1. Tell me the helices (runs of 4 or more DSSP H) entirely within the stretch B:6-116 that contain at least 2 residues that are over 30 Å from A:GLU287 (Cβ atoms), at pLDDT 90 or above and within 14 Å of chain A (Cβ to nearest Cβ).
2. Looking at the stretch A:156-174, I want the residues that are closer than 19 Å to A:GLU196 by Cα and have a partner that is assigned to a strand (DSSP E or B) and of a type in the set (Ser, Thr, Tyr) with Cβ atoms under 8 Å, at least 6 apart or on another chain. Which pairs are those?
3. List the number of the failed condition for A:PHE288; all other conditions in (1) buried (at least 16 other Cβ atoms within 10 Å of the Cβ); (2) in contact (Cβ under 8 Å) with a residue 40 or more places away in the chain; (3) farther than 20 Å from A:HIS460 by Cβ; (4) more than 11 Å from every other protein chain (Cβ to nearest Cβ) hold.
4. Which ones in the stretch A:335-353 are facing chain B (nearest Cβ under 10 Å) and either more than 32 Å from the chain's Cα centre (by Cα) or more than 28 Å from A:ARG284 (Cβ to Cβ) (or both)?
5. Hey, among A:THR276, A:THR376, which residue is modelled with pLDDT of 85 or more, over 30 Å from A:GLU420 (Cα atoms), more than 14 Å from chain B (Cβ to nearest Cβ) and open to solvent by less than 80 Å² (accessible area, probe 1.4 Å)?
6. Return yes or no: is A:GLY78 touching a residue at least 12 places away in the same chain (Cβ under 8 Å) and either touching a Lys or Arg at 6+ places or on another chain (Cβ under 9 Å) or assigned to a helix (DSSP H, G or I) (or both)?
7. Identify, please: which residue in the stretch A:115-146 is of a type in the set (Gly, Ala, Ser) and open to solvent by 30 Å² or more (accessible area, probe 1.4 Å) and is, among those, modelled with the lowest pLDDT?
8. With the condition kept exactly as written, say whether any residue in the stretch B:156-179 is modelled with pLDDT under 80, over 23 Å from B:VAL84 (Cα atoms) and either under 19 Å from the mean Cα position of the chain (by Cα) or open to solvent by less than 30 Å² (accessible area, probe 1.4 Å) (or both).
Amino acid sequence: MTRPTDSFEAMTRRMDKADKKRRILYAGLLSAAGLVFAVVQLPHLVADSMEGMGLVALLTGAILPLLLGLVIAGFGYGLWRSDLPAAQLRRVNIWFLFGIGGMAVVSGALIIYELLEGARLSHIEYLFLDFVTAGGIAGILVGWYDANNQRHTKQLQIFQQAVEHGGHCFYLTSPDGTIEYVNSEFEAQTGYTQEEALGRNPRILKSGEQDEAFYEEMWRTILSGDVWQSELVNERKDGTRQYVDQTIAPVMDGQNEIEHFVAINRDITEQKKQKTKLERQNERLDEFASVVSHDLRNPLNVALGRIDVVRNDCESEHLDVAERALDRMERLIDDVLTLARQGETISGIETVSLQTVCEDAWAQIDSVDANLSVQTDQSISADRSRLQQLLENLFRNAIEHGGRNVTISVGRCDGGFYVEDTGEGIPADAREDLFKSGYTTAEDGTGLGLAIVQRIVEAHGWEITVLEGEEGGARFEITGVATSIDTHATRGSAPEIR
Amino acid sequence: MTENYGTSADVLIVEDERALADLYTEWLADTYSVRAAYEGEQAIGELEEAVDIVLLDRGLPDIPDDEILDHIRKRDVDCRVVMVTAVEPGLDSIDLEFDDYLIKPVDDEDLRTTVERMEQLATYDDLLQELYQCLVTRSVLLEKDDIEITDHESYSDLQDRIETLQDQIEVTSETFDTGAFEAAFRDLKEPHSHD
């Protein structure tokens with residue numbers, strides 16, 4: 001399978017290669033022409049020397065044109081070393097030819113005129129060549145200027161295209177805030193056409209949602225030369241509201257004075273709507289969970305209390321079964337509340353010692369015979385209480401499935417940490433369903449514990465994988481964890497907690 | 001935990017779930033003089049008579065949570081208030097002046113030890129009682145572990161109040177050890193120190 005980036009890279013490589021060849025060709029042609037001009041002057045130099053011409057005549061008549069030929073060759077080399085693309089080198093070559101051609105016509109006409117006037121001209125062919133060489137140099141200089149201009153125009157066009165089609169509303173104002181340019185997205189987003197917007201002030205977009213202090217702060221920031229970035233509510237021409245993520249930056253002139261302000265508005269109305277909708281849904285879910293848990297805890301309390309009362313009169317195994325069922329109901333209520341409230345959110349990321357959090361989590365586990373062995377003292381970045389909950393749930397899961405005298409070990413793995421037990425392990429085909437809400441194979445499990453684990457993992461941006469442990473038990477690897485210090489290697493294994 | 005000094009304390013149970021109120025009554029009736037109110041209005045009526053400890057449910061259908069508490073404080077009824085509720089504490093709990101907070105389901109032992117603790121609390125002076133209230137409030141808020149709570153202004157006010165009270169108590173009684181005071185009651189949750 002080919003990734004799209006592959007073909008793109010290959011394409012750019014091909015283009016670069018073709019461009020490189022053309023650049024060598026154009027620069028080479030120019031250098032070659034220069035060398036030809038220089039070489040042709042050699043017999044002229046020899047002839048003039050033989051005729052015993054003075055140094056000045058030699059200099060102007062032969063040496064200078066020869067040097068000019070070499071200069072042209074040097075230009076060729078210079079162009080090859082420049083960062084101009086092949087198309088621009090071709091432009092220089094064309095101007096060079098124009099220069100040669102133009103000067104050939106002019107000098108030819110002049111020579112013919114002089115001859116017709118009866119002037120005696122020696123070495124006419126060299127005279128002609130001198131003019132042509134000078135024309136070539138003039139052509140190269142004009143071409144160089146033109147090519148650079150072309151390049152700037154092209155760059156400007158690219159910028160303009162980027163600004164026009166970048167998908168964000170973009171406008172430029174004078175230092176006093178008068179709109180001087182808007183892109184087409186401005187009209188799409190605000191409803192104001194270019195004609196309507198130019199010459200006016202961006203306050204046409206003011207919705208009244210932000211107070212004066214907001215705008216004062218904005219002006220203070222941009223007038224001091226800093227970039228302003230904020231979310232705000234604007235009003236479109238039709239009166240509807242638009243949420244934007246706005247960035248305003250000052251554009252400075254050569255004297256470091258503010259020349260323009262450039263504003264880029266990203267429309268985030270849809271995201272805002274989605275977020276509000278989601279928040280409302282979460283609030284409703286939270287409210288629902290609270291009501292349900294409140295209403296369930298009362299009868300649960302009565303039932304648990306009554307079992308205790310009955311226990312004072314008689315002992316019966318039925319009471320144990322009933323109590324276990326009620327305990328499970330209590331855990332279900334807690335888990336449902338957790339899932340509804342905190343699963344997806346984390347707050348207050350801090351550096352915590354995995355060992356300490358393991359100890360805290362273990363203290364919450366009601367287990368008589370199970371063992372916990374923490375074999376790392378790495379510190380990780382996490383929401384402490386969520387991490388504790390994650391560990392508690394994994395420990396409970398190990399005890400539920402591995403029996404009450406299971407041994408659980410926590411240690412370091414590549415990119416994070418693992419929690420492994422000596423239980424019977426999880427069959428490969430069951431691993432996929434493991435994190436689904438309600439999935440449980442334990443008699444008294446709630447089926448929500450691992451769903452909560454996964455939510456906590458996702459909220460931290462981590463990943464969880466289920467594997468088979470060294471002794472055939474279940475091994476959960478949590479990776480993508482930001483680890484700060486691991487002194488495990490130097491201090492040896494941490495003490496076992498029981 | 002503590003001795004009962006001859007006279008049994010008057011406990012008022014305010015709980016709209018009758019079965020639950022009856023259960024609490026059964027648990028406490030052999031040690032205390034217990035009355036139950038199933039509605040808020042009835043509870044306010046009961047407060048006219050002698051009450052030492054109120055076990056108060058939150059979310060009663062006929063009356064807002066803070067109204068009974070306000071009534072108790074305004075009428076200067078000298079009693080300890082224990083919230084016994086399924087409602088988890090949130091920011092709205094900071095201003096409720098309770099002396100303890102139990103989350104349902106509670107069992108026989110929870111309830112008895114809490115009531116005993118309240119009896120002991122009644123023997124302390126006002127400053128200590130207020131400190132205990134503040135420590136309990138902080139503890140139940142921390143239990144929820146929500147940064148929105150711990151970052152809130154009301155929470156930092158509570159922290160400041162705790163520090164002020166601790167300073168005042170140290171000044172009035174040089175031998176007083178707040179650590180021992182806290183330990184004498186139970187393990188109250190304190191803010192985490194950063195690792």
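The values are calculated or read from the model by the stated rules, or taken from the named source; none is laboratory data. No experiment lies behind these values; they were computed from the predicted model shown. Backbone-built Cβ (ideal geometry, glycine too); neighbour counts: all protein chains shown. These accessible areas exclude ligands, DNA and RNA; they are computed on the full protein's heavy atoms, side chains included. Shrake-Rupley method; radii C 1.70, N 1.55, O 1.52, S 1.80 Å.
1. Details: elements: B:18-29, B:40-46, B:65-74.
Correct list: B:18-29.
2. Going by the 8 Å Cβ cut-off, the qualifying pairs are A:TYR171/A:TYR181; A:LEU172/A:TYR181.
3. Exception for A:PHE288: condition (1).
4. Correct list: A:LEU337, A:GLU350, A:THR351, A:VAL352, A:SER353.
5. On the way: A:THR376 fails: over 30 Å from A:GLU420 (Cα atoms).
Checking each option against the conditions leaves just A:THR276.
6. On the way: touching a residue at least 12 places away in the same chain (Cβ under 8 Å): no; either touching a Lys or Arg at 6+ places or on another chain (Cβ under 9 Å) or assigned to a helix (DSSP H, G or I) (or both): yes.
Taking the combined requirement at face value, the residue does not satisfy it.
7. Just the residues of the stretch A:115-146 that are of a type in the set (Gly, Ala, Ser), to begin with: A:118-119, A:122, A:134-136, A:138-139, A:143.
Retained after the next criterion (residues that are open to solvent by 30 Å² or more (accessible area, probe 1.4 Å)): A:118-119, A:122, A:134, A:138.
On the way: A:GLY118: 84, A:ALA119: 80, A:SER122: 72, A:ALA134: 90, A:ALA138: 94.
Once the filter is applied, the top-ranked residue is A:SER122.
8. First, pick out the residues of the stretch B:156-179 that are modelled with pLDDT under 80: B:169-179.
Applying the additional criterion that residues be over 23 Å from B:VAL84 (Cα atoms) yields B:169-179.
Among the residues that remain, those that are also either under 19 Å from the mean Cα position of the chain (by Cα) or open to solvent by less than 30 Å² (accessible area, probe 1.4 Å) (or both) are: B:169, B:178.
Looking for residues that are modelled with pLDDT under 80, over 23 Å from B:VAL84 (Cα atoms) and either under 19 Å from the mean Cα position of the chain (by Cα) or open to solvent by less than 30 Å² (accessible area, probe 1.4 Å) (or both), one finds at least one in the stretch B:156-179, hence yes.
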